[in-house]
Structure formats: structure tokens, C-alpha cells
1. Just a yes or no: is a residue in the stretch 88-101 surrounded by fewer than 19 Cβ atoms within 10 Å (Cβ to Cβ) and part of a strand (DSSP E or B)?
2. Based on this model, can you work out whether residue 156 counts as among the β-branched types (Val, Ile, Thr), modelled with pLDDT of 80 or more and either under 27 Å from residue 72 (Cα atoms) or assigned to a helix (DSSP H, G or I) (or both)?
3. Somewhere in the stretch 66-75, is a residue surrounded by 22 or more Cβ atoms within 10 Å (Cβ to Cβ), at pLDDT 85 or above and among the charged types (D, E, K, R)?
4. Specify the residue that is modelled with the lowest pLDDT; the eligible residues are those in the stretch 233-258 that are of a type outside the set (A, V, I, L, M, F, W, C) and farther than 18 Å from residue 219 by Cα.
5. Can you tell me which of 133, 71 is farther than 30 Å from residue 243 by Cβ, under 27 Å from the mean Cα position of the chain (by Cα) and assigned by TED's automatic domain parsing to the domain that holds residue 169?
6. How many residues are assigned to a helix (DSSP H, G or I) and touching a Leu at 6+ places or on another chain (Cβ under 9 Å) when one looks only at the stretch 362-397?
7. Would you confirm, using the coordinates I've provided, whether residue 95 is under 26 Å from residue 153 (Cβ atoms), polar (S, T, N, Q) and modelled with pLDDT under 90?
8. Using the structure shown, decide if residue 82 is touching a Ser or Thr at 6+ places or on another chain (Cβ under 8 Å), assigned to a helix (DSSP H, G or I) and more than 30 Å from residue 148 (Cα to Cα).
Amino acid sequence: MRRTGGRGPLSQRTVRRRPRRGRGRARPRRGRVLAGPATRAAVVNVMHVHAGAWWLWALGLATAASRTGNPLLLALLVAVAGYVVVVCRTDAPWSRSYGAFLKLGIAVVVIRLVFAIALGSPVPGTHVLLTLPRIPLPHWAQGVRIGGPVTAEGLVFAAYDGVRLAALLSCVGAANALAHPARLLKSLPGALYEAGVAVVVAMTFAPNLVADVQRLCAARRLRGRADTGITALLQVGLPVLEGALERSVALAAAMDARGYGRTAEVPCAVRRLTAALTMGGLLGVCAGTYGLLAAEGAGLGLPVLLLGVTASLAGLWLGGRRSIRTRYRPDRWGARAWLVSGSGVAVGALTIWAAALDPRALTPPAVPLTAPVLPLWPAGALLVGLVPALLPRGDAR
């Protein structure tokens, strides 16, 4: 009980103090999201795994997809990547881009089949499904035809090729959905920071574009307007472009405020040696990777790749001396990152080995027409890519 003064000099009022409710109980802070077990597990997988590990995992799966043309193995590979994305992704905007990459892969398969029907296929076939009217072309366009017979062998070959491209797109989409782009940029060496900024901005354009389109379509549905069709697409396009421009301006302002582009003084000889090692190493990495992904030349591609990686690392170490920026809480390459990246590398290496031992099982021929068979141990090798989804969950804090 306490007395307080009123309006008059002699007036007094008795005010009863109300006890506080919930004394001793911790209240959640305003704006803080309490994550459940499923959300906490997803946050652990994405936030506590190095972003480079997710890209190595995805590149290993992409290598496996490039070494096989079996549609059953490719479908299994897409299923493995999709399951890992569903289990390990968060609610961030870039994590929603995997569905767009799957739709893009389906569009690639359809376009490949349309091209095979309209322009023909290099695979000869005997099972003619239909014959289109052929358009005569001038003599300088020999080897190209429009129309003519459409064979079942040509369609099967085009479908195998399209499914392979769709699987590659799904692997890239999985990496975009799982790897945090800002953390990936922070993990780059100092010599590649400028180029890494451009690459990360380009990588985040597609996920942010998908998020903007979904947000605007949801707003149109809430207002009772149609969100499908050409008219809706034209009306959504301008706000999407405006949002992309605003993000670009905000990114430029943030880079300018953080002193982007400042470098330290190094001798001219060191700069030339750094450029030679970096460019030569990157060319070696490209040549070695092409040798590993191609049907022939895998034996020569591995030593070229190792030599290119060594030269690139030396150039990056020298080039890092020009960078004067610091890193706040750098990401650590822990046991989870080793398991995630190692599973992807194992999938790629085992698929390359299987292609060398039994190439017919991994690339079924289109001539003659035969039903594809799922080889057992190459399929088991692809299941190694599920290791990130099976890792034990820990505390997200």
C-alpha cells in the first residue's frame, strides 16, 4: 500500500500495487524465434557446415551424373540430391531455389526432345515413328535438316542426353539451396575476393529472383488477382526488376562502406609471379577437370588437375598478401565438413571407376533399343551421397 498525491492539496488516494505476473519465469525476447527440433536440426546442418563442403558434395554428384547416361541412375541421383536438400535446408530465400532448378531441368528435357524431332538426331534408327515434311535448305547448310523421319532411337538418345543435363542442373540447384552465399564469399582466399564477390552476386540472383516472384504471386492471390498467365507475368516482371535494382544499389553501398577494393603494396615481380601461377593453375584445373569428365582422357586428366591445383594454391597464397581485409569469425572446416565433402568426392570417384569397369551398364546404347537396367553397386555408390542427411544433429547455439 502506498499513498499518492491527488489534484487538491488535501486529497489523498490509496493505490494498491498489483503483483507482477510470471515472476521467476523466463520470457522469450521479442523478435526471437524459438525453433523446434526439425528447424534446429536444419539450422545446424546449414550453419555449422562449411559452405565449400556443400559445393564439393554437389560437384561430386555432378561428376557422377556426367559419367553416366543411364536414366535410372540419373533419377536415383536426382532423388538423393532432393532428399538431402529437403532434410538439410532452412527457410532462407536461397533455399527455395531447388524447385526452380528442377523445373528448369524438365524444360531442358522437353526442349531437347523438340530439337530432336524438328532437327533430327545423329543416331541412325530403323523404328520410324512419324515423318515430318522436310524443308529444303541451301547447299552451304549441308548436314542440317529440318523435318524428315523421326525415329524411336533418336528420341531415346535425346531423352538420355536431356536427363543427364537435368541431373547436372539439380546438383547445382542443391548447392545453391544448401550453401550460404555470404559465408562462401567469406571463406574465399584474399586473391579471389574481388572475383568471388561477382560470382556470389551472380549466384544469389536466381534464388532472390525466385523468392521475389513467389512473394509477388502470393500478394496477388491475397488481393484476388490471377497469378498465372502472360498478363500476370508481365505485371509481376516490373516489381521483380525493381527489387533486383534495389538490392544491387544496397550491395554497392555496403561494399563502399566496408572499404572494398583496398589493396596493399607488393613488388612488381611478386605480382607477375602471382598472375602466372594463378592463371596457369586455373587453366590446368580446367583442363584436368575436362579430362576427368570426358569419356576419354581420365588417366591424363588427374595429374594435370593435381598440377593445376598446386600452382593455383601457390598463386593464391602469394596473391593473398595484397589483401588487407580481416575476417570476423571465420568458418571452420570441421568433421561435418569432411564427411559432407568426402561423401560427394566418393560418389564421383566410385562412378568414374564403375564407368571404366562396365561402361555399357552406365551408358546404355540407344541402338539397338534396349530397356535400361539398374546396376546394383553403382546405385549403391550413389547412395553414399545421403551421408549429409544422416549426420547426427547437435545443438544449434
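1. Looking through the stretch 88-101, none of the residues is surrounded by fewer than 19 Cβ atoms within 10 Å (Cβ to Cβ) and part of a strand (DSSP E or B).
2. Values: among the β-branched types (Val, Ile, Thr): yes; modelled with pLDDT of 80 or more: yes; either under 27 Å from residue 72 (Cα atoms) or assigned to a helix (DSSP H, G or I) (or both): yes.
So residue 156 passes the test.
3. yes
4. Residues of the stretch 233-258 that are of a type outside the set (A, V, I, L, M, F, W, C), as a first pass: 235, 237, 239, 242-243, 246-248, 256, 258.
Within this subset, residues satisfying the condition of being farther than 18 Å from residue 219 by Cα are 246-248, 256, 258.
On the way: 246: 77, 247: 75, 248: 69, 256: 65, 258: 68.
That would be 256.
5. 71
6. Matching residues across the stretch 362-397 total 12.
7. Values: under 26 Å from residue 153 (Cβ atoms): no; polar (S, T, N, Q): yes; modelled with pLDDT under 90: yes.
When the stated conditions are applied, residue 95 does not pass them.
8. Against the criterion (touching a Ser or Thr at 6+ places or on another chain (Cβ under 8 Å), assigned to a helix (DSSP H, G or I) and more than 30 Å from residue 148 (Cα to Cα)), residue 82 qualifies.
The values are calculated or read from the model by the stated rules, or taken from the named source; none is laboratory data. This structure is a prediction, so every number in the text was calculated from the model and none was measured. When we count neighbours, we look across all protein chains shown, and the Cβ atoms used for this are built from the backbone with ideal geometry, even at glycine.
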